[in-house]
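The values are calculated or read from the model by the stated rules, or taken from the named source; none is laboratory data. Every value quoted in this text rests on a predicted model; they were computed, and no experiment measured them. Cβ atoms come from the backbone with ideal geometry, glycine included; neighbour counts cover every protein chain shown.
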Amino acid sequence: MMDSTNYENPLIGRYASSAMSALWGPQRKFSTWRKLWVALAEAEMELGLPITAEQVEQLRSQVDTIDFSAAAEYERQLRHDVMAHVHAYGDACPDARPIIHLGATSCFVTDNTDLILLREALGLVRDRLVTVIDRLGRFALEQRAQPCLGFTHMQPAQPTTVGKRACLWAYDLVLDLEELEHRLATLKARSTKGTTGTQASFLQLFDGDHQQVVRLEALVAEKIGFESAYAVTGQTYSRKIDAQVLDVLAGIAGSAHKAATDLRLLAHRKEVEEPFEKKQIGSSAMAYKRNPMRSERMCGLARFVQSLQSSGAATLATQWMERTLDDSANRRLTLPQAFLAVDAILILYQNVADGLVVYPQVIERHLRGELPFMATENILMLAAAAGGDRQTLHEQIRQHSQAAAAVVKQQGGENDLLDRLRADPAFAGVDLDAAVDPTQLVGRSVEQVDAFIDEVVEPIRQKYPQALASEAEQVRV
């Protein structure tokens, strides 16, 4: 039953997927702590410390059976979350109680868990990125040859195609994917670095045998799924890692914000719209409205993610010496919420990309209103090639263009530049209709779309078939 009294995080209640929410939930977090304690005890046993297989097995049997009430009561008494869970785990595993957390510091479980969760969360985001890139690729291919106005400075510029513009959106995400892949590939374990990163406690456990300490670090890293551990740490792994991850997430947010803003502008022009459901209401007062609510929500969530980026950088910068604890509360908020928000953004983005609606007749009408101006350079070249004086022709086009612009801007009329040129004998030898054919003014847009799909999108599809095989997450509200 929903709690109607206390604040609930809308990232979980409204926006993010159940998979991402569960990943950052208490059960996953604390069962991972216990898995780490199992890995540590097992590795220490294998390297000769007096730990029995029965103790390790008892620990393993209680990994997912957590008495959260008992742990909370211990934390109220001890004011220490890790020791509270050590005690709760020890209650459930009395034979193994003496060897839980042996030689470790709190960051053994907290930091290694965070690295495991970061790795898995990045994997979820990667799969959503791949899916959105795929959907934008499909849309780009469908609209590869649909000419439309291009814009620079938000003013009409040389025509492009709807499909080419979609490739711009997709390529931003491709660049984000490359950054994310790099972060995943370079993520390591903290493993068994000890209280200040010197491994002193483990060296004592192994009676000064440095090689055993090195083996323990490598063995624990392997048991928790990492190929290696960070070369050096303080008490924590460097908070540079968190800042780099937040940078990737903020980059994805920025890419989504850019595309969603474009779509909001295109919806304003009635050229392209996001999907609008049969019973969807655009406004409580204005019943006719079709507001781009998904794109607007993407922008709102994206700004939130970008605002978290500075927290990661500031936390890194203020980690005095080997570590200060002012990182803890901040990271509990920024890391999960950045992932939850990006997850929500990409769910929305896929939904939008799957259902984009294009209105070719509106696009063509807008093109017709601007094409005569945009074609003037072509017209000038054609008239000069037919024997006219280039400088004289340029002045005539300039005068006709200004007169036509005055009709549009001052009188609210249609662009009559072509009619003016047809009436001017200097342009009698020019096929003006052919000169303003939009398909001849989009350059290599169509070819660029085809190349982008073949050379960029298709290899991504081939690399991550599992991402494309999963069912689309539904937008909940």
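Structure values in brief
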{"read-out": "Any hit, region 6-25, residues being assigned to a helix (DSSP H, G or I), under 21 Å from Gly225 (Cβ atoms) and without any contact (Cβ under 8 Å) to a residue 40 or more places away in the chain", "value": "yes"}
{"read-out": "Hits in region 224-233 - residues which are in a loop (DSSP other than H, G, I, E, B) and closer than 19 Å to Leu36 by Cα", "value": "Ile224, Gly225, Phe226, Glu227, Ser228, Tyr230, Thr233"}
{"read-out": "Residues of region 123-136 that turn out to be crowded, with 21+ Cβ neighbours inside 10 Å and either of a type in the set (S, T, N, Q) or within 14 Å of the chain's Cα centre (by Cα) (or both), as a count", "value": "7"}
{"read-out": "Single unsatisfied condition, Leu421 versus (1) more than 30 Å from Arg165 (Cα to Cα); (2) in contact with a Lys or Arg (Cβ under 6 Å, 6 or more places away or on another chain)", "value": "(2)"}
{"read-out": "Among (1) of a type outside the set (Ser, Thr, Tyr); (2) in contact with an Asp or Glu (Cβ under 7 Å, 6 or more places away or on another chain); (3) at pLDDT 95 or above - the single one Asp111 does not satisfy", "value": "(2)"}
{"read-out": "Some residue of region 211-219 being in a helix (DSSP H, G or I), outside the structural domain of Leu129 (by TED's automatic domain parsing) and of a type in the set (Lys, Arg)", "value": "yes"}
{"read-out": "From Ala383, Ala341, residue being buried (at least 19 other Cβ atoms within 10 Å of the Cβ), touching a residue at least 40 places away in the same chain (Cβ under 8 Å), in contact with a Leu (Cβ under 6 Å, 6 or more places away or on another chain) and not assigned by TED's automatic domain parsing to the domain that holds Tyr237", "value": "Ala383"}
{"read-out": "Candidates His87, His101 - the one that is crowded, with 18+ Cβ neighbours inside 10 Å and without any contact (Cβ under 8 Å) to a residue 24 or more places away in the chain", "value": "His87"}
{"read-out": "Condition met for Ile347 (surrounded by 13 or more Cβ atoms within 10 Å (Cβ to Cβ), within 31 Å of the chain's Cα centre (by Cα) and either in contact (Cβ under 8 Å) with a residue 24 or more places away in the chain or not in a helix (DSSP H, G or I) (or both))", "value": "yes"}
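So that you can scan it fast, the table gives a plain yes or no per residue for (1) touching a helix residue (DSSP H, G or I) at 6+ places or on another chain (Cβ under 9 Å); (2) surrounded by fewer than 23 Cβ atoms within 10 Å (Cβ to Cβ):
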{"residue": "Thr152", "(1), (2)": "no, yes"}
{"residue": "Ala157", "(1), (2)": "yes, yes"}
{"residue": "Val162", "(1), (2)": "yes, no"}
{"residue": "Asp172", "(1), (2)": "yes, yes"}
{"residue": "Glu179", "(1), (2)": "yes, yes"}
{"residue": "Ser201", "(1), (2)": "no, yes"}
{"residue": "Leu205", "(1), (2)": "yes, yes"}
{"residue": "His210", "(1), (2)": "yes, yes"}
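So that you can scan it fast, the table gives a plain yes or no per residue for (1) modelled with pLDDT under 95; (2) charged (D, E, K, R); (3) in a helix (DSSP H, G or I):
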site: Phe151; (1), (2), (3): yes, no, no
site: Lys164; (1), (2), (3): no, yes, yes
site: Glu178; (1), (2), (3): no, yes, yes
site: Asp207; (1), (2), (3): no, yes, no
